[in-house]
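One structure is given here, and the rest of the page talks about it.
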Amino acid sequence: MEVLKQNAQKIISLEIQGATNTALKAIEFLSEYAKRITCTTIEDCMNQLQEAKSILEETRPTEPALQNGLRFIMNKLKKCKGELCVEDVPGRIERYEEEFKKYILDAKQKIAEIGANRIPRIRKKTDYESLHLKNDFVVMTHCHSSVVTGILLKAKQQGKEFRVVNTETQPKLQGRKTARELLDAGIEVIHVVDSAMRWAVNTFQVDLILIGADSITSEGTVLNKIGSRLLALVAHEEHVPFYVASPLLKYQPRTTVGFLEEIETRDPEEIWKEHPKNLKVLNPAFETVSRRYIDGLITEAGIFASSHAHWYFTRLYPDLVE
């Protein structure tokens, strides 16, 4: 259990970043834990695994991909526990782990292909268009999302030319990871501070805003890194299409029965180490983006209104429905 708690701390401390990476690591930690535990009955195994699942879930309360991955493994295990002996459990969990990984990787690949279609090929302009239209396509994003970078890298592979504006993303500067990944692929990147969002949209005449998601609710509300709603409001004000790219595995099924998604508040020292003792520093990690500001949710099932996420989720992933 001590090793599991140490691994859980890696998620809490953001040593492991990104909702998808975090989900994959959490199920890997559960699988490794199953190989270490000693139990005499299947029921004993299930109880110990349930305790480990709870510890891992608490590392990121606002990331359903992590919770769905753990739920997937435990649901599959519960359905077949009557036919298992204690020695079978680690191998069966490892099999389910690989199955869920394939779900995520397949979803990301499909989303990259679908999302890349939203970035046009620059055609040769007429003389009139050359005088009145800008010559490049500009995409803007916020924070770091492996799903979003997957779309942009796929578009680059297709030979499409575009520029990307991205934010540094305070206080942990995850935007730098986005910038490095895109630069390594030969994509031109303009990096700005978070508070320059509106200025950047106007200055660079952004054509498309594309962000990831940490959670999607039954009402179509998206939770993502703090600053995402500000960018959505800028998009609304400036009439720029605003899309959220996310696997449906980030849908939170419990929101259908009234549970509210939490907004994680992180350690104030991430913002200001050794701040004055009489100063209260708040560090909210996420915020909500209402469905009214989202032009479309880009998923492995296609592009649709974010309020339809529940319908597609239940049909694609029945093993995740309680």
Candidate set from region 211-242 (those that are small (Gly, Ala, Ser) and closer than 17 Å to Val164 by Cα); member that is surrounded by the fewest Cβ atoms within 10 Å (Cβ to Cβ): Ala235
Test for Leu320: is it closer than 24 Å to Ala116 by Cα and either in contact with a His (Cβ under 6 Å, 6 or more places away or on another chain) or surrounded by 14 or more Cβ atoms within 10 Å (Cβ to Cβ) (or both): no
Residue tally, condition out of contact with any helix residue (DSSP H, G or I) (no Cβ under 6 Å at 6 or more places or on another chain) and of a type outside the set (D, E, K, R), over region 199-220: 8
Residue in region 37-45 that is free of Cβ contacts under 8 Å to residues at least 24 places away in the same chain, out of contact with any His (no Cβ under 6 Å at 6 or more places or on another chain) and either under 22 Å from Pro318 (Cβ atoms) or of a type in the set (Ser, Thr, Tyr) (or both) present: yes
Those strands (runs of 3 or more DSSP E) lying entirely in region 123-242 with at least 3 residues in contact with a Ser or Thr (Cβ under 8 Å, 6 or more places away or on another chain) and under 30 Å from Thr256 (Cβ atoms): 208-211, 222-225
Residue within region 113-120 that is in a loop (DSSP other than H, G, I, E, B) and at pLDDT below 90 present: no
Subset tally (residues that are part of a loop (DSSP other than H, G, I, E, B) and in contact (Cβ under 8 Å) with a residue 12 or more places away in the chain) for region 256-273: 7
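The values are calculated or read from the model by the stated rules, or taken from the named source; none is laboratory data. Everything numeric here is computed off the predicted structure, so don't read it as measured data. Note that each Cβ is placed from the backbone with ideal geometry, even for glycine, and that neighbours are counted across all protein chains shown.
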